[in-house]
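Everything below concerns the one structure shown next.
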Amino acid sequence: MAPSAAPPPLSVTVRAARVAHGSEVLFDGLDVTLAAGRWTCLLGPSGVGKSTLLRLILGLETPERRDGDGETVTCSDGSPLSGRAAFMAQTDLLLPWLTALDNVDLGRRLRGAEDEGNGDAQALLDRVGLAANAGDRPATLSGGMRQRVALARTLMEDRPVVLMDEPFSALDAITRIRLQNLAAELLRDRTVLLVTHDPLEALRLGHRIHVMAGRPALLDEALEPAGMPPRNVDDRKLLEMQGDLLRRLAEASS
Amino acid sequence: MRVWRPLIILTGLIALWQAVVSLSGAPPYILPAPFEVALAWWRRADVIMEHAALTAAEILLGLALGAVFGACSALSMAYFRPARRWLLPVLVISQAVPVFALAPLLVLWFGYGIASKVAMATLIIYFPVTAAFHDGLRRTEPGWLDLARTMNASRASTLRHVRIPAALPALSSGLRVATAVAPIGAVVGEWVGSSAGLGYLMLHANARMQIDVMFAALFTLAVLAVALYFTMDTVLRRAMPWLPDSVPDTDESP
């Protein structure tokens, strides 16, 4: 099954975004473009507002708008993004009372379209290598397996835009690399925003990498590593760039 | 060992009881010996069982009604904002008035029959069930709600597929408490005014100095309450197999 047999690529633009929590202005006048069919990675110190930006694009956070402002979040086809972005979080957010298969199928269940059959969900579990665990509850699966179920659930939504908030950060190194490869392969032609703490992860997966820093926060010029993701961990150029990126992150945190 | 332990505890308690009777030399109309109580139970078994059946019916009906009303109140408070504003104070007031003080009124309104006792048990059960379930419904993992929103789920569908199942463990704690207090409601109702039931039998026997019969009735009530509690506990456990049990079975010595 080819999950990329799907929605035409869509680019998302955030313009002049302003979000304040109480008196604290997280960002003001922040611009970012998620290029169509590309992975955009977002790095930055904790608490700088990366997750808030991701939630803003998802429509879970409301931006402040001044008179005369247009929409903060727009898509290349002119329609609103709402309902066309899938979400994957740091924790797997699997419902403990549902089996792996039913968790993958959660979106349809929630939209009241259960009778369409769940052949696709089973195929996606196959795709993430969990065909044999379809009937298992999350509690019996390992952390890596649970995050793979979450990935399958994200794919099941079949949205042109996928927003991921540190989806692999709770996993051990080897499991993380495997899952990065799997995600890069399965989400090849989607427009992806990946928020991460791990410069190497950004360099492996991102077409464009931004560092978010300051208060109110801004994004720097995008870093665009050469070659197609997922790039190899032992690529020498990648390691040089990681040094650079770490330096920029250190500056951002000071 | 697991099977024997309750029996050993029971034997120990009876031995202690016998020791107190023998050592203090208390007359049978103050504290009858275990054997006399057993004999009284055996002689009056038909009467005791008849009254016990009635009390059990009152408890079960009260439990069913209290659980249904409680669950409905909690659900409407979770779903309709005005319901929360209007019902919550009522709930608090209902708890501020001691239910036992209402017993004479309930008997006056609902008569000497079963209805006043069922009303009493229902009132006692209503609060723990409503409070526990409402708490559970309010404390849904926020990540699950975000996920449901990105999946375009309606409020009703989120309630049905996410918030209610997530609140079931809380509801089941409420039901456990309710099961433990339900017999109190029924028996207090019987004490205030009735012509049948274990509570009535106890008062009746007490007035005739048949203390052994009174103890036999009390013992029957205790067995009834314990059996009810363990049945409820087992049913709830079976109904929610995904819940982790933090007290592992394996720490028992074989």
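No lab work stands behind these numbers, since they all come straight from the coordinates. Everything numeric in this text was worked out from a predicted model, so none of it was measured. Here Cβ is always computed from backbone atoms with ideal geometry, including for glycine, and neighbour counts include all displayed protein chains.
Counting alpha carbon pairs within less than 8 Å and at least 6 residues apart, what relative contact order, in whole percent, applies to segment A:202-254?
39 percent
Please compute the alpha carbon radius of gyration of the protein assembly as shown, then divide it by the globular-protein estimate 2.2 N^0.38 Å. Two decimals is fine.
Cα-based Rg divided by the globular estimate yields 1.35.
Rounding to the nearest 10 and keeping the result within 0 to 90°, find how far the Cα-based axis of helix B:34-43 lies from the longest principal axis of chain B.
For B:34-43 against chain B, the angle is about 80 degrees.
Rounded to the nearest Å, what's the spacing between the alpha carbon centres of segment B:1-74 and segment B:161-187? Just the number, please.
23 Å
Tell me which chymotrypsin sites (Phe, Trp or Tyr not before Pro) from segment B:1-99 have a DSSP coil assignment and no more than 11 other beta carbons within 10 Å of their own.
B:Tyr29
At 222 nm, what value in deg cm²/dmol follows for chain B if DSSP H runs of at least 4 each add -39500 (n - 2.57) and the sum is divided by all its residues, to the nearest 500?
Calculated at 222 nm, the ellipticity per residue is -26500 deg cm²/dmol.
Can you give the relative contact order of segment B:34-240 as a percent, counting alpha carbon pairs under 8 Å and 6+ residues apart?
Relative contact order here is 31 percent.
Pick out which of A:Asp102, A:Asp158, A:Asp235 has the largest mean-square fluctuation in a Gaussian network model of chain A, springs linking Cα atoms closer than 10 Å.
Per the Cα network of chain A with a 10 Å cutoff, A:Asp235 tops the list.
For chain B, go through all pairs of different Cα atoms, get the mean of 1/r, take its inverse, and jot down that Kirkwood value in Å.
When all Cα pairs of chain B are included, the Kirkwood radius is 20.9 Å.
Are there trypsin sites (Lys or Arg not before Pro) in segment B:1-105 that DSSP marks as loop and that have at most 13 other Cβ atoms within 10 Å, and which are they?
B:Arg2
Return a whole-number percent for the relative contact order of segment A:96-158, with Cα pairs under 8 Å and 6 or more residues apart as the contact set.
It rounds to 51 percent for segment A:96-158.
For segment A:96-158, report the translational diffusion coefficient in µm²/s to the nearest whole number, using Stokes-Einstein at 20 °C, 1.002 mPa s, and a Kirkwood Rh over Cα pairs.
190 µm²/s
Would you mind telling me which residue in B:Met151, B:Met77, B:Met240 has the biggest mean-square fluctuation in a Gaussian network model of chain B, where springs connect alpha carbons within a distance under 10 angstrom?
The residue that fluctuates most here is B:Met151.
Just in segment B:115-152: which trypsin sites (Lys or Arg not before Pro) are loop by DSSP and have at most 14 other Cβ atoms within 10 Å?
B:Arg139
Run the helix sum for chain A: -39,500 (n - 2.57) per DSSP H stretch of 4+ residues, divided by residue count, reported at 222 nm to the nearest 500 deg cm²/dmol.
After summing the helix terms and dividing by the residues of chain A, the value is -9500 deg cm²/dmol.
Please work out the Cα center distance from segment B:76-110 to segment A:179-249, rounded to the nearest Å.
58 Å
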